[in-house]
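FYI, it's all coordinate maths here, none of it is from the lab. Quick caveat: nothing in here was measured; it's all calculated off a predicted structure. Neighbour counts are summed over all protein chains in view; Cβ atoms, including those assigned to glycine, are modelled from backbone coordinates with ideal geometry.
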Amino acid sequence: MTETLSELTGTGPRVLPYDPFDPAFHSDPYAVYRTLRETSGNVIPTEAGYAVLGHRELSAVLRDPRFGRGDGAGVQDTYIPTSEGQSRVVMFMDPPDHTRLRSLINKAFTPRMVEAVRPLAEKFAADLLDRLRRESGGAPVDLVAEYFRPLGAYVLNVLVGVPEKYLERCIEYGNDAGRGLDPNYTLSPKELEARIAAREGYVEISLELIAARRAKPESDLMSQLVAVEQDGDRLTEVEVLTTAANIFLAGFSAPQAMMGVSTLALLRHPGQLAWFRANPEHTARSVEELMRYDSAVQLINRTVLENAEIGDTKVKAGDEVFMVLGAANRDPEAYDRPEELDLTRPSVRHLGFGHGIHFCVAAPIARLVTQVALTTLFRHEVDPVTLTPPTNGAVAVRSLAELPVVLGPTR
């Protein structure tokens, strides 16, 4: 996004057809999306561009090379400090740079590598819950601060190869980077300062780790990024650094958000929770439906790189496109009974991780950590203190600020 805060909030040209800072919207964005779809359709012109709510239209945009990241202020807000100055990460690049880097990253970042972390994640989650239950003495436990955030940081650190001594520091960075996809102008000065400090902290840890893995490779992701080669091409030092930072930024905030909203959805639907507990062999499919039902990443944007169309709407080069993933994931043209949470839904092709060449690089991490978090948590009795906890107010990622529960014994 390239507009000012006043433009987002409605005192200038309206970026979005809804107010992303309205507490009522954060409480239930889907009611707003439903009304917009019924009154204005799936492609809605705004004073700053076009908002896209439809699954079909949004999928087409994400596959179309005529739409990309561009060079607007929204992209520049994501730059990482390196020895070559402020550098962009792969998720905010366009081809051909994106094509080259993503190919090398995919070669290093394999599903097998992610899956190898599962046993460690399961043990960490089980031990953490046992300790929280024991130490709480029946008092409420905030799952966001005391379970989701440490679990997400631990899994990411093990995968990348970050030393255990940095775990607490990375948990704090994960909190400070929790609005990582929101443009700078939507943050308070204190929030912006914390975000910058978190990014600089990721860079500091990554530089130390890159040097260590060049001297002594291990079996972690950083070692693979340092060593990966394809047709004689390798990642440069800065590219390894920005890729690591990309994985940190994407791998902390979105999985933490997914764990929270997915847990809340199950607590609000006791029948679905009972099915989830009774059918552990379908955990992976259940998590996909939970991601569709309440999407962690609600909003992403693209710039029109050359004249194109979105459905029947013609758009011009330079136009901004605001893609409402949360709305697309409840599009009645794409899903039967879209407003219902149904863990037995036979096929879930959601857009929670995007689509096309920019499909989220951290998706395997998010899937694994959410599966582990839910299956381990719901071996316990879990009594929510509230079913309407506050969100963190982010524009792009729907994340709970807290989720207090009373942890009971294992079932």
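Observations on the structure shown:
- You will find that of 307, 301, 329, the residue that is among the polar types (S, T, N, Q), in contact (Cβ under 8 Å) with a residue 24 or more places away in the chain and touching a His at 6+ places or on another chain (Cβ under 9 Å) is 329 and no other.
- One residue stands out in region 89-132 among those that are β-branched (Val, Ile, Thr) and outside any helix (DSSP H, G or I): the one that is nearest to the chain's Cα centre (by Cα), namely 89.
- Within region 118-138, none of the residues are under 23 Å from residue 212 (Cα atoms) and among the small types (Gly, Ala, Ser).
- Some residue of region 262-271 being surrounded by fewer than 24 Cβ atoms within 10 Å (Cβ to Cβ) and in contact with a strand residue (DSSP E or B) (Cβ under 6 Å, 6 or more places away or on another chain): yes
- When 373, 394 are checked against the criterion of being more than 30 Å from residue 64 (Cα to Cα) and surrounded by 20 or more Cβ atoms within 10 Å (Cβ to Cβ), 373 stands alone in meeting it.
- Single residue of region 272-302 satisfying the filter (part of a helix (DSSP H, G or I) and polar (S, T, N, Q)) that is surrounded by the fewest Cβ atoms within 10 Å (Cβ to Cβ): 283
- Scan of region 154-166 for residues that are crowded, with 20+ Cβ neighbours inside 10 Å and of a type in the set (Val, Ile, Thr), ordered by number: 155, 160, 162
- Here region 133-153 is the region considered, the condition is being touching a residue at least 24 places away in the same chain (Cβ under 8 Å) and surrounded by fewer than 18 Cβ atoms within 10 Å (Cβ to Cβ), and the residue that is nearest to the chain's Cα centre (by Cα) is 145.
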